[in-house]
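This report refers to the structure that appears directly beneath it.
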Amino acid sequence: MTGSLGPGDGSAGHDTTPELRASDRERDQVVEILQVAAGDGRITATELDERLDAALAARTTGDLARLTADLPSEGMPPQAGELVRIDQRFGDVTRAGRWLVPRRMEVRLMFGDAKLDFTHAVITHRTLDIDVDLRIGGNLTLVTRPGIEVDADGLERGSGDIKIRSASGPDTPVGLRVRLTGRSRGGDIVARPRRRTLSEWLRRRPPGRGSTGR
């Protein structure tokens, strides 16, 4: 007697082993790979946004593997820490280059400046909460890049200026939201895009501008 073989009957050529479910840690690792790849210019901001949404919604390890199949995973930095504290008096401190952005920061400044440069930072979380305590002479500067938005609505200001200038266009997807809380009692807060170098300014000049003809 002949008949069709159903699932699970041991027929050759059929793999009935279910795919493993993805863990939160595995999703975080894929998000990290995607964000580093975007920072290196391997994928566009639009591709990053699409793949991040897919990674967060992925149910299996196979779903995650397909999102990074065309990207390198070697040399990935370790997962960023939960909390970073900066307590600076009478001096300056800078975070720049490929530094790991944590989930939370506590910044205490008096007669000193702190600069957090996100231009090449490795971002592995969608939000960064910064609790600040700025006293006399304590100034905080955030150097942002497209996709990073700064929110200072939760900040209590006694004195000092707050100036926030976005580096993103109206259609740029938000990859990191920086939320400032705490209080400023004499220091300034500035959030701005990276300043262009002289060579970058020259490349942006219209052809022939400033030249003299014969």
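For the stretch 29-178, what number results from the quotient of the Cα radius of gyration and 2.2 N^0.38 Å? Don't skip to the end; give the middle numbers.
On the way: Rg = 16.9 Å, N = 150, 2.2 N^0.38 = 14.8 Å.
That ratio works out to 1.14.
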* To do: Once you have the Cα-Cα distance between R21 and L83, take 0.36 nm times their residue separation minus that, and quote the gain in nm to one decimal.
  => 19.4 nm
* Structure fact -> Here D for the stretch 115-182, in µm²/s, from Stokes-Einstein with a Kirkwood Rh over Cα pairs at 10 °C and 1.306 mPa s, works out to 123 µm²/s
* Would you tell me the accessible area of I162, worked out with a 1.4 angstrom probe on the heavy atoms of the protein chains, in Å² to the nearest 10? => 50 Å²
* Along Cα→Cβ, 7 Å out, is where each label goes; now give me the distance between the ones at T61 and T46 in nm to one decimal. => 3.4 nm
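The values are calculated or read from the model by the stated rules, or taken from the named source; none is laboratory data. Model, not experiment: these values are computed from the prediction. FYI the Cβ positions are ideal-geometry reconstructions off the backbone, even for glycines, and counts take in every protein chain you see. In case anyone asks, the SASA skips ligands and DNA or RNA and just uses the protein heavy atoms, side chains included. Shrake-Rupley method; radii C 1.70, N 1.55, O 1.52, S 1.80 Å.
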